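> After the structure tokens below, expect a handful of questions from me.
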Amino acid sequence: MVLEARGLDVTPGMITLFKSVDDQSTVDALEIIYAEEVGHVAYGSKWFHFLCGRHELDPKVTFHELVQTYFKGNLKPPFNDEKRAEAGIPLDFYWPIAVS
């Protein structure tokens, strides 16, 4: 829900970049990856919420604690809020622990 979600943030810009240099094969590959990335992040979010519920943990608090414990540095915008929401990651999961 950190690195996979980052793929949601950066892939649209990468697609634009490769379109600008007429690299259609890379654009095609990135578009497939981007379309599948929402599902990957959604599965992670689903299971994370399930396990937090099983252990009676607040998912948002637990996510913040895990990111601050195991992720080097802070989360950095820009974020693709629309695709993150589509994948089940609400704004209050990542914006409060982001460096602006």
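> Hey, any hits in region 74-81 for a residue that's hydrophobic (A, V, I, L, M, F, W, C) and either loosely packed, with under 14 Cβ neighbours inside 10 Å or without any contact (Cβ under 8 Å) to a residue 24 or more places away in the chain (or both)?
So in region 74-81, the residues hydrophobic (A, V, I, L, M, F, W, C) come out as 75, 79.
Next, from what is left, pick out any that are either loosely packed, with under 14 Cβ neighbours inside 10 Å or without any contact (Cβ under 8 Å) to a residue 24 or more places away in the chain (or both): none.
No: zero hits.
> List pairs: first in region 23-48 and touching a residue at least 60 places away in the same chain (Cβ under 8 Å), second charged (D, E, K, R) and assigned to a helix (DSSP H, G or I), Cβ under 9 Å, 6+ apart or cross-chain?
none
> Do we find that residue 48 is under 13 Å from residue 5 (Cα atoms), surrounded by 15 or more Cβ atoms within 10 Å (Cβ to Cβ), among the aromatic types (Phe, Trp, Tyr) and at pLDDT 95 or above in this structure? So that I can check it myself, show each step before the final result.
Numbers: under 13 Å from residue 5 (Cα atoms): no; surrounded by 15 or more Cβ atoms within 10 Å (Cβ to Cβ): yes; among the aromatic types (Phe, Trp, Tyr): yes; at pLDDT 95 or above: yes.
It is false that residue 48 is under 13 Å from residue 5 (Cα atoms), surrounded by 15 or more Cβ atoms within 10 Å (Cβ to Cβ), among the aromatic types (Phe, Trp, Tyr) and at pLDDT 95 or above.
Per-residue answers, yes or no, for (1) modelled with pLDDT of 95 or more; (2) at negative phi; (3) not in a loop (DSSP other than H, G, I, E, B):
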{"site": "4", "(1), (2), (3)": "no, yes, yes"}
{"site": "31", "(1), (2), (3)": "yes, yes, yes"}
{"site": "52", "(1), (2), (3)": "yes, yes, yes"}
{"site": "63", "(1), (2), (3)": "yes, yes, yes"}
{"site": "68", "(1), (2), (3)": "no, yes, yes"}
{"site": "79", "(1), (2), (3)": "yes, yes, no"}
{"site": "89", "(1), (2), (3)": "yes, yes, no"}
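> While we're on this one: Which of the residues that make up region 82-96 are buried (at least 17 other Cβ atoms within 10 Å of the Cβ) and closer than 12 Å to residue 1 by Cβ? If you could, list the steps in order and put the result at the bottom.
Going residue by residue through region 82-96, those that are buried (at least 17 other Cβ atoms within 10 Å of the Cβ) are 83-84, 87-89, 93-94.
Result: 84, 87, 88, 89, 93, 94.
> Take residue 30 and decide whether it is crowded, with 18+ Cβ neighbours inside 10 Å and over 11 Å from the mean Cα position of the chain (by Cα).
On the way: crowded, with 18+ Cβ neighbours inside 10 Å: yes; over 11 Å from the mean Cα position of the chain (by Cα): yes.
Considered against the rule, which asks whether it is crowded, with 18+ Cβ neighbours inside 10 Å and over 11 Å from the mean Cα position of the chain (by Cα), residue 30 comes out as yes.
> While we're on this one: Every residue in region 33-45 that is over 14 Å from residue 89 (Cα atoms), surrounded by 13 or more Cβ atoms within 10 Å (Cβ to Cβ) and not aromatic (Phe, Trp, Tyr), please. Spell out the reasoning first.
Taking region 33-45 as the starting set, the residues that turn out to be over 14 Å from residue 89 (Cα atoms) are 33-36.
After this cut, where a residue has to be surrounded by 13 or more Cβ atoms within 10 Å (Cβ to Cβ) as well, the list is 33-34.
Scanning region 33-45 gives a single hit, 33.
> Scan region 5-27 residue by residue and report those that are among the hydroxyl-bearing types (Ser, Thr, Tyr), closer than 28 Å to residue 98 by Cβ and surrounded by 13 or more Cβ atoms within 10 Å (Cβ to Cβ).
Result: 11, single match.
> If I ask for residues that are modelled with pLDDT of 95 or more and either outside any helix (DSSP H, G or I) or touching a helix residue (DSSP H, G or I) at 6+ places or on another chain (Cβ under 6 Å) (or both), which ones from region 6-29 would you list?
Of everything in region 6-29, those that are modelled with pLDDT of 95 or more and either outside any helix (DSSP H, G or I) or touching a helix residue (DSSP H, G or I) at 6+ places or on another chain (Cβ under 6 Å) (or both) turn out to be 8, 11, 14, 15, 18, 19, 21, 22, 23, 26, 27.
> So, one more: From 40, 49, grab the single residue that is more than 19 Å from residue 10 (Cα to Cα) and touching a helix residue (DSSP H, G or I) at 6+ places or on another chain (Cβ under 9 Å). If you could, list the steps in order and put the result at the bottom.
On the way: 40 fails: more than 19 Å from residue 10 (Cα to Cα).
Criteria check complete, one pass: 49.
> Does region 77-90 hold any residues that are closer than 17 Å to residue 44 by Cβ and not charged (D, E, K, R), and which are they?
If the condition is that a residue be closer than 17 Å to residue 44 by Cβ and not charged (D, E, K, R), then 79, 80, 85, 87, 88, 89, 90 are the ones that fit.
The values are calculated or read from the model by the stated rules, or taken from the named source; none is laboratory data. Owing to the predicted nature of the structure, the values given are computational and were not obtained by experimental measurement. FYI the Cβ positions are ideal-geometry reconstructions off the backbone, even for glycines, and counts take in every protein chain you see.
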